[in-house]
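The values are calculated or read from the model by the stated rules, or taken from the named source; none is laboratory data. From a predicted model like this one, the values you see are computed outputs, not experimental measurements. With ideal geometry, Cβ positions are generated from the backbone for all residues, glycine too; neighbour counts draw on all protein chains shown. Remember, those area values only see protein heavy atoms, side chains included, never the ligands or the DNA or RNA. Shrake-Rupley method; radii C 1.70, N 1.55, O 1.52, S 1.80 Å.
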Number of protein chains: 2
Amino acid sequence: MSKPALAFIGTGVMGRSMAGHLLDAGYPLFVYNRTRSKSDDLVARGAVWKDSPADAAREAAVVITIVGYPRDVEAVYLGAGGILAALPEGGLAIDMTTSSPLLARRIAEEGARRGLACLDAPVSGGDRGAREATLSIMVGGDEATFARALPLFEAMGKNIVLQGGPGAGQHTKMSNQIAIASIMVGVAESLAYAKKAGLDPERVLQCIASGAAGSWSLSNLAPRALKGDYAPGFFVKHFIKDMKIALESAEAMQLPLPGLALARSLYEKLSAGGGDDEGTQALLRFYFEGRHG
Amino acid sequence: MSKPALAFIGTGVMGRSMAGHLLDAGYPLFVYNRTRSKSDDLVARGAVWKDSPADAAREAAVVITIVGYPRDVEAVYLGAGGILAALPEGGLAIDMTTSSPLLARRIAEEGARRGLACLDAPVSGGDRGAREATLSIMVGGDEATFARALPLFEAMGKNIVLQGGPGAGQHTKMSNQIAIASIMVGVAESLAYAKKAGLDPERVLQCIASGAAGSWSLSNLAPRALKGDYAPGFFVKHFIKDMKIALESAEAMQLPLPGLALARSLYEKLSAGGGDDEGTQALLRFYFEGRHG
């Protein structure tokens, strides 16, 4: 049985690696990206360039998108010349952007009206997870559609879980980002305190990182910050985007999240000071320099 | 060479296990505790009961204390009939209570004036770490005194690090508690969001606990809370005590810690609602019930 043709929209740092795994797995692949040059290496490996998302979708059985902001998702799916209008009936659309749960539901509803199946399937694991095909993939949609998409997900990730109906993938990603937000505040405050108290922060980490204060961030991001390395694993500007979506979504559910609100306000200050293109661990420097108070 | 006589002040849940390891290691042991019955099993195993901290210290070469609050530490060390007045010259006093870094320095200075060596050496690892002699021990004091105390520490713990001069052990413990404080907020908000969004929180954990949102608390405390188990590993009232010390210490250094201040205010509300004797994971129920807003 020949493999269905895929359209892949959004070949940035994450998308390029993910689309590459699908090519390697033998799927015919149409690609589109706002900046064409970011698809060049995929085209060199056999992908076919298309001049718009709709053009890419028109000849595909499955469209996968991973773009920037919810407004980009909205434009690509629902706008004039959007994917849902172009994808042939019976097609499957999978949005892997971290985006709004409510928008994911709107897309699923609109897709259903057009005879299309839709999934929201944001990921975690970063550029490394994308490169090594070890992403966690958090999926919202129905079980039959999930089963249909599973071989594609398995080419890109490892920890793949159907979390519920449309929007549930995005909600799960929001839960993930909400946990990270306050952890980053805790890590920054812990080490800012240690520095201010005249301790050696590396030696403090040695005592606390493996115990009840332990976290992925403390073990992986704090050592980078202490070495003065603020290069992005995950960009401050993207983290702010995610926190904004989470806060809006929580507000829509009338759930106050004071820890998340605090983290967002701290990152907004960091951003206002020029931190947008640094990694999220730049919050530690922000505290070390006393700019958070 | 016969082992030096020890006095152990404070045989609560932690102290009892720790003193037991020292008995097992062959040290002669005097014991005192505010509630005498909590020393009974140690006395049955060979420890000698004394009627006051001073009485215990008077015949010892080394005093170890692990009591409740900084005010208790102050009373036991510096009060009328305190340890520093009773301990023979050349003696060593080790406070393992989680207490104020400034008080630790005052005790070390007063001890030095009396010809005594002092260490602050709070621990992490909880009742289980105490039972299994796997505590992390964070030490403040000078190197020679640390070397002298090391065999005692090795009977009680595993990860034993001299962090700096007097007070540095307490400062390190504060760094630990500061990290935990915001992590608990993040974990509570993450799972409160998941529940409110209609997700299955256990399935969400499956997706997020091993990635960038991962923490000891998310892996160890969240599953307990989701099963409705709010029994104390670490008491809410003790955590509030620690956060209060950390905030006072940070204020003295003019370091604002908004995340810690938020965590404390949330735990104070939980305490006001009767949560003092629950475990710190009760913050999750507090959020689940919408009492945090």
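What the table shows:
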| read-out | value |
| --- | --- |
| Listed residues A:8, A:290, A:26: farthest to the positive end of the dipole of chain A (Cβ charges) | A:290 |
| Reachable aspartates and glutamates, given that their alpha-carbon falls under 15 Å from the alpha-carbon of residue B:237 and they are not under 8 places away in the same chain | B:268, B:276, B:277, B:278 |
| Alpha carbon centroid spacing (whole Å) that separates the range B:156-170 from the range A:149-165 | 46 Å |
| Accessible carbon and sulfur surface of the range A:171-288 relative to its total accessible area, %, 1.4 Å | 49 percent |
| Using a 7 Å Cα-to-Cβ projection, residue B:150 label spacings across copies, nm, ascending | 5.6 |
| 10 Å-binned pair-distance histogram of the protein assembly as shown (Cα, whole percent) | 4, 17, 24, 20, 15, 10, 6, 4, 1 |
| Listing of the range A:189-207 residues, each with accessible area lower by at least 20 Å² in the full protein assembly than in the chain alone (probe 1.4 Å) | A:189, A:190, A:193, A:196, A:197, A:199, A:203, A:204, A:206, A:207 |
| Those aspartates and glutamates that a straight Cα-Cα span of less than 19 Å connects to residue A:50, excepting residues fewer than 8 apart in one chain | A:40, A:41, A:59, A:72, A:95 |
| Per principal axis, descending, Cα span of the range A:171-288 in whole Å | 44, 32, 23 |
| Per-copy distances of the residue A:90 label point, shortest first, in nm (7 angstrom along Cα→Cβ) | 9.4 |
| Normalised alpha carbon radius of gyration of the range B:6-165 [divisor 2.2 N^0.38 Å] | 0.92 |
| Mean Cβ neighbour count within 10 Å, used as a protection proxy, ranking A:140-147, B:151-158 highest first | B:151-158, A:140-147 |
| Per-copy distances of the residue A:231 label point, shortest first, in nm (7 angstrom along Cα→Cβ) | 4.9 |
| The range A:1-66, Cα convex hull volume normalised per residue, Å³ | 69 Å³ |
| Mean residue ellipticity (222 nm) of chain B, computed from DSSP H runs ≥ 4 via -39,500 (n - 2.57), nearest 500 | -15500 deg cm²/dmol |
| Alpha carbon centroid spacing (whole Å) that separates the range A:261-293 from the range A:189-237 | 15 Å |
| Within straight-line cross-link reach of residue B:244, lysines at Cα separation under 30 Å, skipping those fewer than 8 residues along the same chain | A:195, A:196, A:269, B:38, B:158, B:173, B:227, B:269 |
| Whole-Hz couplings from phi, Karplus 6.51/-1.76/1.60, listed for the range B:58-75; x for Gly and Pro | 4, 9, 10, 8, 9, 10, 10, 10, 8, 10, x, 10, x, 4, 5, 4, 4, 5 |
| Globularity ratio of the range B:52-144, using Cα Rg and 2.2 N^0.38 Å | 1.04 |
| Amide H partners (placed H, <5 Å) of residue A:94, local residues excluded | A:63, A:64, A:65, A:119 |
| Rounded to the nearest 20 debye, dipole of the range A:196-289 from Cβ charges on Lys, Arg, Asp, Glu | 140 debye |
| Between 0 and 90°, nearest 10: helix B:258-270 axis offset from chain B longest Cα axis | 90 degrees |
| Percent of Cα-Cα distances greater than 16 Å, calculated over the range A:227-272 | 43 percent |
| Selection from A:164, A:152, A:133 lying farthest towards where the dipole of the range A:125-174 points positive, charges on Cβ | A:133 |
| In nm, spacing of pseudo-spin labels at residue B:231 and residue A:51 (7 Å Cα→C-beta vector) | 7.0 nm |
| Length released on extending from residue B:59 to residue B:109, taking residue separation times 0.36 nm less the Cα-Cα span | 15.8 nm |
| Whole-number accessible area per residue in Å² for chain B, which is evaluated in the context of all protein chains at 1.4 Å | 38 Å² |
| Between the range B:28-93 and the range A:71-144, the alpha-carbon center distance in angstrom | 66 Å |
| Kirkwood Rh, Cα atoms: Rg over Rh of chain B | 1.01 |
| For residues of B:162-173, the mean tally of beta carbons on other chains within 10 Å | 4 |
| Degrees separating the helix B:143-156 axis from the principal Cα axis of chain B, which is the longest one | 70 degrees |
| FRET efficiency, 1/(1 + (r/R0)^6) with R0 41 Å, evaluated for residue A:220 and residue A:5 via beta carbons | 0.60 |
